[in-house]
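Q: Here you go, one structure.
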Amino acid sequence: SQLEARVQVATAELAEQNEKLRRQAIQLEQASAAKSQFLANMSHEFRTPLNAILGYTNMLLQGVSGELTPSQKRNLTRIDSNGRHLLEVINEILDITRIEAGRMPLHLSDFAIPELLQEVMAELDPIIARSKLAVSTELGARLPAVHSDRQKVKQVVLNLLSNALKFTHEGSVTVRAEYVPATSTLTIAVTDTGIGIDPAHQEKIFEDFQQVDSSPTRAYGGTGLGLSICRRLATMLGGRVTLQSAPGQGSTFTLHFPRRARRA
Ligand code: ADP
């Protein structure tokens, strides 16, 4: 019948569309993989000469080629700090391309949260000591051992705590770990009494290169990549990062992740 014929035509058209979409999806995936590979190669190629530049700059700063005038010293210090900023950007782009290309696999193990937080505190101790902030750790009752990727959990907490220290001028920074039995989830919350974040920026700052202030005259260093890396790492752990903040009052960034991570 006529109806059947029409249905047949429509079905054939749909199948054709489907095939077209499938091919487009493959092309997009290939383009995205090529982009990641290009960025990874480029970052890698940038690192070697940059490390040489930084090495020679530091030799000059240490006076190996003779005494420096104050203005020579100032200019070399600028080369050094700009070079280090560039190195940070490159390393973070490498992290992102590794994650996107699936080249940062999960390494699961059993570990305890208190020791991990101690390590994070120890690594940031020089900054904490300079900050004059009251920095403390709080452990919830009955924190179980977790089965997850220790290095990734640590990287997220390091990043959130570094930010809290950077954007807080007075008051306190607290890291609180808790277990939520109802969902078998752990939370590690980093609370600061710092500058806070306007609601209009609260989602944006999790995107690549997004900073509340990215003007050349901005008061804070950084690359705008830290939180986007945190978000990707949290996703790999099967978790997420949430934010509560009020401008002028402070912020709480919380990493939520399952007690037992599952292989992707
Ligand atoms: P970076 O710190 O290198 O700029 P991030 O991705 O870690 O990059 O953070 C992005 C932006 O989010 C920061 O530039 C800052 O504007 C805002 N931000 C992050 N953490 C805090 C915090 N604890 N308090 C206030 N603002 C923050």
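Q: Using alpha-carbon pairs under 8 Å, 6+ residues apart, how would you state the relative contact order of the chain in percent? Please report the intermediate quantities before stating the final value.
A: Numbers: 358 pairs, mean separation 43.6, N = 264.
For the chain, the relative contact order is 17 percent.
Q: Which residue, 36, 184, 251, has the most motion in a Gaussian network model of the chain that connects Cα atoms within less than 10 Å?
A: 184
Q: Choose one answer from 233, 28, 243: the residue with the largest mean-square fluctuation in a GNM of the chain with alpha-carbon springs under 10 Å.
A: 28
Q: When ligands, DNA and RNA are left out and all protein chains stay put, how many square angstrom of accessible area per residue does the stretch 112-193 have with a 1.4 Å probe? Spell out each step's value before the answer.
A: Details: 3950 Å² over 82 residues.
Value returned for the stretch 112-193: 48 Å² of accessible area per residue.
Q: Which Rg and Dmax, in Å, describe the Cα atoms of the stretch 158-264?
A: So, for the stretch 158-264, Rg and Dmax equal 14.3, 47 Å respectively.
Q: A further question on this structure: Working out 0.36 nm times the residue gap between residue 91 and residue 18, then minus their Cα-Cα distance, what length gain in nm do you get to one decimal?
A: Roughly 22.3 nm would be gained on extension.
Q: If you don't mind, there's one more thing I want to ask. Would you mind getting me the FRET efficiency between residue 45 and residue 118? Use the beta-carbon distance for r and R0 = 45 Å, nearest 0.05.
A: Working: r = 38 Å, r/R0 = 0.84.
After rounding, the FRET efficiency stands at 0.75.
Q: Would you kindly state how much longer the chain becomes between residue 67 and residue 127 on full extension, computed as 0.36 nm times their sequence separation minus their alpha carbon distance, in nm to one decimal?
A: Values: separation 60, 0.36 × 60 = 21.60 nm, distance 3.02 nm.
Length gained, residue 67 through residue 127: 18.6 nm.
Q: For a quick check: with amide H placed at 1.01 Å from N, whose amide H comes under 5 Å from residue 137's, ignoring anything fewer than 5 positions away on the same chain?
A: 175
Q: Cut-off 10 angstrom, C-alpha nodes, Gaussian network model of the chain. Which of 214, 131, 71 fluctuates the most?
A: Comparing 214, 131, 71 in a Gaussian network model of the chain, the most mobile one is 71.
Q: If R₀ is 22 angstrom, what is the calculated FRET efficiency for the pair residue 141 and residue 243, using the beta carbon separation as r and rounding to 0.05? Mind showing how you got there, number by number?
A: Values: r = 25 Å, r/R0 = 1.15.
Taking R0 as 22 Å, the efficiency between residue 141 and residue 243 is 0.30.
Q: Follow-up. Gain in length, residue 208 to residue 26, computed as 0.36 nm per residue apart minus the alpha-carbon separation, to one decimal in nm? Provide the component values of the computation, followed by the final result.
A: Working: separation 182, 0.36 × 182 = 65.52 nm, distance 2.43 nm.
Additional length available on full extension: 63.1 nm.
Q: On to the next question. Over the stretch 7-70, average the accessible area per residue using a 1.4 Å probe and give it in Å², no decimals. All intermediate terms of the calculation are to be shown ahead of the outcome.
A: Working: 5160 Å² over 64 residues.
The answer is 81 Å² per residue.
Q: Now for a different question. Using Cα-only point scatterers and the Debye equation, what is log10 of I(q)/I(0) for the stretch 206-264 at each q in 0.22, 0.28 Å⁻¹, rounded to two decimals?
A: Each listed q maps to, in turn, -0.96, -1.17.
Q: According to the square roots a ≥ b ≥ c of the eigenvalues of the Cα gyration tensor, what is the shape class of the chain, taking rounded for a/c under 1.5, prolate for a/b larger than b/c otherwise, and oblate for the remainder? Don't skip to the end; give the middle numbers.
A: Details: a/c = 2.18, a/b = 1.38, b/c = 1.57.
It is oblate, given that a/c is not under 1.5 and a/b is not larger than b/c.
Q: Please report, as a whole percent, how much of the solvent-accessible surface of the chain comes from carbon and sulfur atoms (probe radius 1.4 Å). All intermediate terms of the calculation are to be shown ahead of the outcome.
A: Details: 8750 of 16220 Å².
Of all accessible area on the chain, carbon and sulfur atoms account for 54 percent.
Q: Grab the alpha carbons of the stretch 85-242, take their convex hull, and tell me the volume per residue in Å³. List each step's numbers first, then the result.
A: Values: hull volume 19.9 nm³, N = 158.
Considering the Cα atoms of the stretch 85-242, their hull volume per residue is 126 Å³.
Q: Please figure out what share of the DSSP beta bridges in the stretch 75-220 is antiparallel and state it in percent, rounded to the nearest 5. Before the final figure, lay out the partial values.
A: Values: 11 of 17 bridges.
Around 65 percent antiparallel, to the nearest 5.
Q: Can you compute the helix-only [θ] at 222 nm over the chain? Use -39500 (n - 2.57) per DSSP H run of at least 4 residues, normalise by all residues, nearest 500 deg cm²/dmol.
A: Details: 6 runs with 137 residues, N = 264.
When only DSSP H runs of four or more count, the value is -18000 deg cm²/dmol.
Q: Mind ordering 12-19, 136-143 by average Cβ neighbours within 10 Å, highest first?
A: In descending order of packing, they fall as 136-143, 12-19.
Q: Non-local amide H neighbours of residue 259 (under 5 Å, H modeled in plane, Pro and chain starts lacking H): which ones?
A: 185, 186
The values are calculated or read from the model by the stated rules, or taken from the named source; none is laboratory data. Quick caveat, the model's predicted, so the values are computed rather than measured. Ideal geometry is used to build each Cβ from the backbone, glycine not excepted, and the neighbour counts take in all protein chains shown. Remember, those area values only see protein heavy atoms, side chains included, never the ligands or the DNA or RNA. Shrake-Rupley method; radii C 1.70, N 1.55, O 1.52, S 1.80 Å.
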